[in-house]
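Since the structure comes first, as structure tokens, the remarks are kept for the end.
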Amino acid sequence: MTIIFVGLPGSGKTTIGRQLARRLGVPFVDSDHVIEERLGCAIREYFAREGEDAFREVEQAVLDDLSQQNLGVLSTGGGSVLREANRRHLHDRGQVIYLCSTPEDVYRRLRHDTVRPLLQVQDPLARLRDLYETRDPLYRDAAHFVIETGRPSVSTLVNMILMQLELAGHLPARTPAAHPAPTQPHSPTAP
């Protein structure tokens, strides 16, 4: 089974995904890194040179390939859900977790970011609000689970995700550390 993260840029997909993979002892793959390897350049460069449509074509091909493999944990780009084919493939081929972050929370985390191409605009917070309005229904359409990120620590979010996956029967229940079973006092038998 592959656990797949979707959400706005900066919602924590890579950070939380990497930590979850470590906890589960499975591989972690970031689709953006795979895309950059395939392109031979940074997404930002390709985006600027070829445009968003060309980038989305490459992204769709990579997500189709990755979602057919049992990867462990997969983090996707923020716009991966824009294409219906991607939403369907991700939903049908893995357990999709939508890390739902408010535009304000993301802005607080990314206000100094110079890498994400969609945020290199005059008013990044307004851009994030537009992205959220457009993409939130698409993330929810692809997702099996929605995790509100808010302000909890990464480890708290990972624990929440593990609990959701266990409750849904996608992971074996974690057993507490081994403790000897308490002994029951024997009741004396009547003579």
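We did not get these values from a lab; they are worked out from the coordinates using the rules stated. Note that the coordinates shown come from a computational prediction; the quantities given were computed from them, not determined experimentally. Cβ coordinates were reconstructed from backbone atoms using ideal geometry, including for glycine residues, and neighbour counts include every protein chain displayed.
How much net charge surrounds V96 when only other residues with a Cβ under 12 Å from its Cβ are counted (Lys, Arg +1; Asp, Glu -1)? Can you show the working numbers first?
Numbers: positive: K13, R87, R88, R93, R140; negative: D92, D141.
Result for the neighbourhood of V96: +3.
To the nearest 0.05, how large is the calculated FRET efficiency for V115 and M163 if R₀ is 25 Å and r is the Cβ-Cβ distance? Mind dumping the intermediate values first?
On the way: r = 32 Å, r/R0 = 1.29.
With R0 = 25 Å, the Cβ-Cβ based efficiency is 0.20.
Say we join alpha carbon atoms closer than 10 Å with springs in a Gaussian network model of the chain; which of H112, H170, H91 then has the biggest fluctuation?
Between H112, H170, H91, it is H112 that shows the largest mean-square fluctuation.
Once every DSSP H run of n ≥ 4 in the chain is given -39500 (n - 2.57) and the sum is divided by its residues, what mean residue ellipticity at 222 nm do you get, rounded to the nearest 500 deg cm²/dmol?
-15500 deg cm²/dmol
Under a 10 Å cutoff between Cα atoms, tell me which one of T76, T102, T134 has the largest fluctuation in the Gaussian network model of the chain.
Result for the chain, Cα springs under 10 Å: T134 fluctuates most.
Give me the compactness ratio for the stretch 113-172, meaning the Cα radius of gyration over 2.2 N^0.38 Å.
Details: Rg = 15.3 Å, N = 60, 2.2 N^0.38 = 10.4 Å.
Relative to the 2.2 N^0.38 Å estimate, the stretch 113-172 comes out at 1.47.
Can you give the Kirkwood hydrodynamic radius for the stretch 3-167, in Å, rounded to one decimal and based on Cα pairs? List each step's numbers first, then the result.
Details: mean 1/r = 0.0627 Å⁻¹.
When all Cα pairs of the stretch 3-167 are included, the Kirkwood radius is 15.9 Å.
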